Amino acid sequence: MITGCSREHCTQQENLSRCSRCLVVQYCSPAHQKEDWSSHKSICAKLKKAQDVVDKEEAELRAHPGDMWMSANPFEDHEGMFWSISETRPYMRARYGVVDIQMTMDTQLAISAALSNIMDMLRLCRGDNMGVRDIAPGLFLRLHRDQECYDFVKWWARVYSGEESKTYDWGDMSQPYLSIHNADVFEDVNLFDCGEYSEISTLLPIMLIKIRLLLDLRMLHATPLYQRSNMRLGTDVIRNNATLLATQDRTPQIAEVEKQIQQLYDAGCKANKQTWLAVMNPEPIVKRPRPMMITPGGVDDLHLNLLYNYKAWGETRGATEVLEEFVRRNAGRK
Ligand SMILES: [Zn+2]
Ligand SMILES: [Zn+2]
C-alpha cells in the first residue's frame, strides 16, 4: 500500500499534496504528479465521476421538501433506516459506486476513504441491505487497525448469526450498534461458528488477525528483551499490550493461538474445500469477473470474499507461510 508519493519509485513521505480531483492520491511535487498522470488519469476520472453522482444525489435528498414517506431532513430523521425509504436508494447506490472504486486503489488515503464511506453507509442503513459490511474487514486490516477489525467482525457475528440474532431489533435505533470495543483478540474462536450461514466473510479476516498475532508472538519469543525496541510488530493488538511486550516466554500464548488457527483452518475447509488454497494463491480467482449472485460456501462466495481480503493477506509478510505450515500439518488428516 502506498503511504507517500504515488510516483513510482519515489519514497517521499512528507510534504505531500493531494490530487485535487480524486483527493485520495498524493504527490511530493507538481513534477511527480505530472509524470504519474498517464497512469493515474483513468481511475482519477472514474472516481471523480462517481463522487459527483453522490454529491448530486445528496443535494437532491437535502432539497427534498419532505412528504408522508420521507422527512425534509432524512440525514437526521431517518438515520439507520435509509433503505426503508426508497428515495434514499439512488444516493446509497452512488456511495457504493465510490467505495467500489476506492477499494481497488492502493493508497492509504483511498483505503481510509473507502472505510469511512462504508462506516457511514452502515450508520445510515443499519441492516446493510447493500452488503458493504463484508468489505470493511479487509480495509481495516490493510490499515493495520486489527483491534477495530476484530470488534467489527465480532459484533456482526454475534448479532447476525450468533447469540443475539434472535432478539436484536434492527428497527429500534436505541439498540446498541457496532458497540463492541477492545474485545479480547486472544479469546476462543467458537463464537465465530456461523452454522449454516456463510462463514467465509468472517473466517478470512479472523484467520489473518490470528496469524498476525502468531507471527508477532513468535518474534517476541525469539527476541531478547533488550532488543525489543527495534522490533517491528505487525499488529496493534500486541503493540498496545504492555504485559505481553515485557515478558520473554510466550510459549503458552503461541500454543493457544496455534490451536485457534487450527480450528479456523478446519472451519474454512468445511465452508469450502478450496478456501485456504485460494487464499495462498488468489490471483487466478480474483482476476475473474466479479460474481453477481452468491451461494453461501459456494465458489462465488469464496471469490467475492477473496476480492475483499486478498490484498490484506498479501501485505502481511509471513502470513501465507503460516498457512502453508497448516496445510502441511493437515496433509495427512482426513
Ligand atoms: Zn486523482
Ligand atoms: Zn514524489
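Rule-based calculations on the coordinates, nothing more; no lab input. This is a predicted model, so every value here is computed, not measured. Cβ: placed from backbone, ideal geometry, glycine included. Neighbour counts: every protein chain shown.
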One checks the Cα atoms of the range 160-308 and finds Rg and Dmax, in Å, of 18.2, 54
Under the rule rounded for a/c under 1.5, else prolate if a/b exceeds b/c, else oblate, using alpha carbon gyration tensor axes a ≥ b ≥ c, the chain is classed as oblate
Per the 1/(1 + (r/R0)^6) rule, R0 = 45 Å and r from the Cβ atoms of K41 and K273, FRET efficiency to 0.05 is 0.60
Relative to the compact-globule estimate 2.2 N^0.38 Å (N residues), the Cα gyration radius of the range 231-334 stands at a ratio of 1.26
Nearest-0.05 FRET efficiency for N73 and T167 at R0 = 35 Å, using Cβ-Cβ distance, is 0.70
Along the dipole axis of the chain (charges at Cβ: +1 for Lys and Arg, -1 for Asp and Glu; origin at the Cα centre), the most positive-end residue among S42, T202, M68 is S42
Unit-weight point scatterers at every alpha-carbon of the range 276-316, Debye formula, q = 0.15, 0.33 1/Å: log10 I(q)/I(0) is -0.31, -1.24
The answer for the net charge of residues other than A183 whose Cβ lies under 11 angstrom from its Cβ, with Lys and Arg +1 and Asp and Glu -1, is -2
Quick P(r) readout (the range 21-129; Cα-Cα; 10 Å bins; whole %) gives 14, 40, 27, 14, 5, 0
Taking max minus min of the Cα coordinates of the range 225-284 on each principal axis, largest first, gives extents in Å of 43, 26, 16
Extension length gain for R228 and R288 (0.36 nm per residue less Cα distance), in nm, is 17.3 nm
Scoring only Lys, Arg, Asp and Glu (+1, +1, -1, -1) among other residues with Cβ under 13 Å from the Cβ of H9 yields -2
Taking every other residue with Cβ under 14 Å from the Cβ of N281 and scoring Lys and Arg +1, Asp and Glu -1, one gets -1
Share of Cα-Cα pairs in the range 16-68 beyond 11 Å, whole percent, is 73
Quick calc, the range 251-311, dipole around Cα centre from Cβ unit charges on Lys, Arg (+) and Asp, Glu (-), nearest 20 debye, gives 240
Inter-part gap, Cα centre of the range 276-298 to Cα centre of the range 150-210, in whole angstrom, is 23
Cross-link reach from K311 to lysines, straight Cα distance under 29 Å and at least 8 residues apart if same chain, gives K34, K41, K46, K48, K49, K154, K210, K259, K270, K273, K287
